[in-house]
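Enquirer: Got a structure here, written out as structure tokens. Questions coming.
The values are calculated or read from the model by the stated rules, or taken from the named source; none is laboratory data. All figures in this text were calculated on a predicted structure; none of them were measured in a lab. Every residue, glycine as well, gets a Cβ built from its backbone with ideal geometry; the counts of neighbours run over all protein chains shown. With ligands, DNA and RNA removed, areas are computed over all heavy atoms of the protein, side chains included. Shrake-Rupley method; radii C 1.70, N 1.55, O 1.52, S 1.80 Å.
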2 protein chains.
Amino acid sequence: MTRGEKLYEGKAKIVYATADPEVYVQDFKDSATAFDGKKRGTIGGKGRMNNAISARLFTLLEERGIATHFLGWESETAMRIHRLDMFPVEFVVRNLAAGSLSKRIGYPEGTALKNPPIVEYYYKDDALGDPLLCMAHLNELQVISPEDLAEATAMAKQANAILVEFFARRGLTLVDCKLEFGKDARGAIRLGDEISPDTCRFWDSETGEKLDKDRFRRDLGGVEDAYAEVLRRIER
Amino acid sequence: MTRGEKLYEGKAKIVYATADPEVYVQDFKDSATAFDGKKRGTIGGKGRMNNAISARLFTLLEERGIATHFLGWESETAMRIHRLDMFPVEFVVRNLAAGSLSKRIGYPEGTALKNPPIVEYYYKDDALGDPLLCMAHLNELQVISPEDLAEATAMAKQANAILVEFFARRGLTLVDCKLEFGKDARGAIRLGDEISPDTCRFWDSETGEKLDKDRFRRDLGGVEDAYAEVLRRIER
């Protein structure tokens, strides 16, 4: 598919138009950022690995009845996707305490939740630092309707449950994942963005080893190997 | 009433036991802190003024059917209060955007809310920095039952509505207020803590002048005069 105009370049992906106004190409980059862009770096092969991981997981979710934006492979680092009008909200689905949830509620990382998953909403707004939003804030901002929020939340929980089970069979614990949703030309809600070690926390179920972007955020080393290991587990 | 053991000393108040195990004395201090204690100072006469302001407002709310912990004047800087088992949650009721809400949702200070008030919940935990809690976090932490949360939230909104109207007649806009609740010996929920320029934002309705702790937080000067002006408006 011929790539057209570059429509958007983010921290980890570039989105291109195509001849079909409802089809975009999403190209994954090796660059990585953390802490609202304060930390920057490159993870060799990340674009290729995240494209492969996301493609496989979107396919899995489609097979299990979750509508996604995935249309097919485009290249080693790129996929064809449905054009979506994205909700400016990140849906963070948490199965165990980690990261900002641990800091917020005082649970050591890895603590089991009483009634998982917890779904948190964050406002996709770089200038504001992607803040946490409670229901009162969402109702005030009106950036997503209550009906769409409920439907996307249900989809987020279903997708999370499918992913938890899929990874458990591969010796990986899905600690949490950040999902983004939008509406296609027909008004149907689809899961967009990516599902990768950039956007999920994966821990080896036996050793607890972190196999995700926390290795980059926290300078743990072995970042490329961690992403490669996730891809290897997915492909087996 | 003879003061007994000092039970608690916080940033702005000291609580003493009395001979009656269900009655405490709450003594207001002149010391002030902001930004999780990173900023410290003294506001001359604050203890006396906040005691007078809180006593007047608790009395008003009791007259209007809101149960509070207020039992009566004890001294110029102290009041007798019901002993309460406090919920470790701050209820922040917001009528206009200001402070952290402005930062969170990107509204300039003073922006009207579409459907006021917004009620936010913060975890009273100094070590965690009193973080914002959404419903999912409250359900996880189980530090307050859903029934108590609903009842206290309803009381917070009722108290806010009474206070908004009371201050509007005195030329003050109640922008937001932080309320705390607890249960007395009979299990009834009562409004506790204090209601003062330390815990509310008051703006002059005509000039917009800030008459509250933001003058201290933001080094605006005239802090004592602002507290005195609020007391003067309340007493008229």
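Enquirer: Could you list, in sequence order, all residues of region A:215-226 that are of a type in the set (Gly, Ala, Ser) and surrounded by fewer than 21 Cβ atoms within 10 Å (Cβ to Cβ)? Don't jump to the end; show me each part of the working.
Expert: Within region A:215-226, the subset of a type in the set (Gly, Ala, Ser) is A:221-222, A:226.
Within region A:215-226, A:Gly221, A:Gly222 meet the criteria.
Enquirer: If you go through region B:1-12 one residue at a time, how many are closer than 30 Å to B:Arg218 by Cβ and either among the aliphatic types (A, V, I, L, M) or open to solvent by less than 20 Å² (accessible area, probe 1.4 Å) (or both)?
Expert: 2
Enquirer: Related question: Only residues that are surrounded by 18 or more Cβ atoms within 10 Å (Cβ to Cβ) and more than 22 Å from A:Phe87 (Cβ to Cβ): list them for region A:97-115, please.
Expert: The first filter runs over region A:97-115 and keeps only residues surrounded by 18 or more Cβ atoms within 10 Å (Cβ to Cβ), leaving A:97-98, A:101, A:104-105.
Across region A:97-115, the qualifying residues are A:Ala97, A:Ala98, A:Arg104, A:Ile105.
Enquirer: Of all the strands (runs of 3 or more DSSP E) wholly in region B:116-233, which have at least 2 residues that are farther than 22 Å from B:Ser102 by Cβ and more than 14 Å from chain A (Cβ to nearest Cβ)?
Expert: Qualifying strands (runs of 3 or more DSSP E): B:181-183, B:189-191.
Enquirer: Restricting to strands (runs of 3 or more DSSP E) lying wholly in region A:36-95: which have 2 or more residues that are aliphatic (A, V, I, L, M)?
Expert: Answer list for region A:36-95: A:78-82, A:89-94.
Enquirer: Would it be correct to say that A:Gly106 is on the phi > 0 side of the Ramachandran plot and touching a helix residue (DSSP H, G or I) at 6+ places or on another chain (Cβ under 7 Å)?
Expert: When the stated conditions are applied, A:Gly106 passes them.
Enquirer: Please verify whether region A:12-28 includes one or more residues that are within 15 Å of the chain's Cα centre (by Cα) and assigned to a loop (DSSP other than H, G, I, E, B).
Expert: Yes; the residues of region A:12-28 include at least one that is within 15 Å of the chain's Cα centre (by Cα) and assigned to a loop (DSSP other than H, G, I, E, B).
Enquirer: Can you tell me which residue in region A:139-160 is most open to solvent (accessible area, probe 1.4 Å), limited to those that are closer than 15 Å to A:Ala67 by Cα and of a type outside the set (D, E, K, R)?
Expert: Within region A:139-160, the match that is most open to solvent (accessible area, probe 1.4 Å) is A:Gln158.
Enquirer: When you scan region B:18-41, how many residues do you find that are open to solvent by 50 Å² or more (accessible area, probe 1.4 Å) and on the phi > 0 side of the Ramachandran plot?
Expert: 2
Enquirer: Out of A:Asp184, A:Asp212, A:Asp198, report the one residue that is out of contact with any Phe, Trp or Tyr (no Cβ under 8 Å at 6 or more places or on another chain) and buried (at least 24 other Cβ atoms within 10 Å of the Cβ).
Expert: Working: A:Asp184 fails: buried (at least 24 other Cβ atoms within 10 Å of the Cβ); A:Asp212 fails: out of contact with any Phe, Trp or Tyr (no Cβ under 8 Å at 6 or more places or on another chain).
Residue meeting the stated conditions: A:Asp198.
Enquirer: Right, next: Just give me the residues in region A:227-236 being touching a residue at least 12 places away in the same chain (Cβ under 8 Å) and either open to solvent by 40 Å² or more (accessible area, probe 1.4 Å) or not hydroxyl-bearing (Ser, Thr, Tyr) (or both), in sequence order.
Expert: Residues satisfying the conditions are A:Ala228, A:Glu229, A:Val230, A:Leu231, A:Arg233, A:Ile234, A:Glu235, A:Arg236.
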